[in-house]
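Below is one structure; the comments refer to it alone.
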Amino acid sequence: MSMPALMPVYPRCEVRPVRGEGCYLIGENGERYLDFASGIAVNCLGHGHPHLTRAIADQAATLMHVSNLYGSPQGEALAERIVANSFADTVFFTNSGAEAVECAIKTARRYHFANGQPERHRLITFNMAFHGRTLGAISATNQEKMRDGFEPLLPGFAYATFNDLDSALALIDGETAGFLVEPIQGEGGIRAATPEFLQGLRKACDEHGLLLVLDEVQCGYGRTGTLFAHEQYGVVPDIVAAAKGIGGGFPLGACLATADAARGMIFGTHGSTYGGNPLAMAAGSAVLDVMLDEGFLDHVKAMGDRLRQGLEQMIPNHDHLFEGVRGMGLMLGLKLKSDSRRFVAHCRDHHGLLTVAAGENVVRILPPLVIEEAHIAEAIEKLSEAARVYVPAADD
Ligand SMILES: *Cc1c(COP(=O)(O)O)cnc(C)c1O
């Protein structure tokens, strides 16, 4: 049996990027793409942002990695800034989103253990959720396509229906640790939680002594126009997993928690060789420099409104194909009446526009947060042109 050197777990497309310039990607043969996928909500500052690339280059030349056996002035500085700008009191740095989710799950279990209630180990999660690809993270989703063949999975999860508060409340029992939920589901199809749903989960947590654990790996870090999406719901979480945009393209994640929720995470309970190394901290702190700069998040909001308007205006002209727009800020989804994967491929291959397919036939539109009006106009033009010539397959 022949097996490619690169393990063939991804259905990779023909685009083979070798360079990035702001909001554009350039392929092997010099072809240009408008990048409204951003490495799946990662390249929040676009490609080659001078502040980020300089910070990484300078830090690489100064000190790339030391063990977490030593003191971390870089980690303390970034954690303090994140704490100062969020609900959290404490931060654990990881190298990816799934690891941030793992830390969040461990922190939640350990909280109840520290409170003398180790039987409260079960997290209630939701249909269409995506939390990453580790065994813990796939155990936290009931999507079979991610779980098939990997059993036995980690016990300790129960599955309710997203945006159906009663279905979640009905699962609470003496073994429940809390809820793990994406405020806006990304892979699931840009499905935003309703305010009543998220606020209802918070209320149930307060009533039953449970933890509200949010997976903001995709929707966090400025994507929706606030540093974290939950800020727009008037909901204060206990634990949050962050990643993707947090390093602007450098592998970085974080588990944020209140002091109370993190009470069980004492010496020796968790660790990571690379997690929070000086190079990652330089990347994370450069991203935060830009994101906390006056006007940055307002810009995201303004561009989000502008992009949504543009999409909404376009829909009636192509209502054989498009159904509607969903999402928040610059985390938008264009719902199609037919298969979104084929339309995403068509936009990419014939119109030089990169987007990402998601569940429920949604085209995910996740541009760099630094886009300008001209990029939006270009994207709308490309989408309109694509919609004009695109013919859905008969079996879509
Ligand atoms: C991408 C994603 C993850 C997993 O992040 P990785 O860095 O791929 O491990 C987890 N949760 C959500 C909501 C995501 O979008």
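Okay, here's what the table says:
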{"read-out": "Beta bridges per DSSP with both ends in the chain, % antiparallel, nearest 5", "value": "65"}
{"read-out": "For the chain, size of Cβ-based charge dipole, Lys and Arg +1, Asp and Glu -1, in debye", "value": "540"}
{"read-out": "Dmax and Rg, reported as Rg then Dmax, of region 231-337 (C-alpha, Å)", "value": "19.0, 60"}
{"read-out": "Dipole axis of the chain (+1 Lys, Arg; -1 Asp, Glu on Cβ), positive-most option in Tyr159, Pro4, Pro50", "value": "Pro4"}
{"read-out": "Region 1-141: translational diffusion in µm²/s, Stokes-Einstein, Kirkwood Rh over Cα pairs, 37 °C, 0.692 mPa s", "value": "169"}
{"read-out": "Region 63-291 - Rg and Dmax from Cα coordinates, angstrom", "value": "16.6, 51"}
{"read-out": "Simple Cβ-charge dipole of region 63-291, Lys/Arg +1 and Asp/Glu -1, about Cα centre, in debye nearest 20", "value": "360"}
{"read-out": "Candidate aspartates and glutamates - alpha carbon under 13 Å from Lys382, same-chain residues fewer than 8 apart omitted", "value": "Asp35, Asp349"}
{"read-out": "Reciprocal mean inverse distance between Cα atoms of the chain - Kirkwood radius, Å", "value": "21.7"}
{"read-out": "Student exercise, region 79-205 dipole from Lys, Arg, Asp, Glu Cβ charges, in Debye to nearest 20", "value": "220"}
{"read-out": "Segment Asp349-Asp89, extension gain: residue separation times 0.36 nm, minus the distance between their alpha carbons", "value": "89.0 nm"}
{"read-out": "Calculated [θ] (222 nm, deg cm²/dmol) that DSSP helices of n ≥ 4 give over the chain, each run adding -39,500 (n - 2.57)", "value": "-10500 deg cm²/dmol"}
{"read-out": "Theoretical gain in end-to-end length, Thr62 to Val18 [0.36 nm per residue, Cα-Cα removed]", "value": "13.2 nm"}
{"read-out": "Out-of-range pairs (alpha-carbon distance over 31 Å; input Lys106/Lys335; Lys145/Lys203; Lys145/Lys301; Lys106/Lys337; Lys203/Lys337; Lys106/Lys203)", "value": "Lys106/Lys335; Lys145/Lys203; Lys145/Lys301; Lys106/Lys337; Lys203/Lys337"}
{"read-out": "Whether region 137-258 is rounded, prolate or oblate, judged on the alpha carbon gyration tensor where a/c under 1.5 counts as rounded", "value": "oblate"}
{"read-out": "Spin-label zone in region 342-377 - amide nitrogen under 15 Å from a point set 7 Å from the Cα of Gln309 along the C-beta vector", "value": "372-377"}
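Taken together, the values in this text are just the output of simple stated rules run on the coordinates, not laboratory data. From a predicted model like this one, the values you see are computed outputs, not experimental measurements. Neighbour counts are summed over all protein chains in view; Cβ atoms, including those assigned to glycine, are modelled from backbone coordinates with ideal geometry.
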